[in-house]
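Trainee: The structure follows.
Taken together, the values in this text are just the output of simple stated rules run on the coordinates, not laboratory data. Since the model is a prediction, treat every value here as computed from it, not as a measurement. Every residue, glycine as well, gets a Cβ built from its backbone with ideal geometry; the counts of neighbours run over all protein chains shown.
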Amino acid sequence: MSLPEGNVTPIFSDIETTRLGYNAEITQLAASCGDKLFAKYIVPKGPISPEATTITGLNVEVIA
């Protein structure tokens, strides 16, 4: 597949998860296109692994 010639604007995307593997949950969806940014955070049902927190900086705190 080739890109059309001319005015093409790239879109960059990123997904963060609670851990690696089949049981991982998505914690963030993000994209940027030029100066437009999109980010959506999702509270996971399970814990975020310490390794994922180290890489992403994301953590869930339960406030009682």
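Trainee: Restricting attention to the alpha-carbon atoms of the chain, what are Rg (one decimal) and Dmax (integer), both in Å?
Mentor: Taking only Cα atoms of the chain, I get Rg and Dmax of 15.8, 56 Å.
Trainee: Using a cut-off of 11 Å between beta-carbons, work out the net charge of the residues near I42 (Lys and Arg +1, Asp and Glu -1, I42 not included). Could you put the intermediate results ahead of the total?
Mentor: Numbers: positive: K40, K45; negative: E16, E25.
Result for the neighbourhood of I42: 0.
Trainee: So for each of 30-39, 55-64 I average, over its residues, the number of other beta carbons within 10 Å; can you give me the resulting order with the highest mean first? Intermediate results must be reported in sequence, preceding the final value.
Mentor: Details: 30-39: 10.7, 55-64: 8.6.
For the peptides 30-39, 55-64, the packing ranking is 30-39, 55-64.
Trainee: Short version: ³J(HN,Hα) in whole Hz for each residue of the range 31-45, in order, from phi by Karplus 6.51 cos²θ - 1.76 cosθ + 1.60 (θ = phi - 60°), x for Gly and Pro, what are they?
Mentor: Along the range 31-45, the couplings run 8, 9, 9, x, 9, 9, 10, 9, 8, 10, 9, 10, 6, x, 7 Hz.
Trainee: Show that you can apply the helix-only estimate: for the chain, add -39,500 (n - 2.57) for every DSSP H stretch of four or more residues, divide by all residues, and state [θ] at 222 nm to the nearest 500.
Mentor: Details: 1 runs with 7 residues, N = 64.
My calculation for the chain gives -2500 deg cm²/dmol from helical runs alone.
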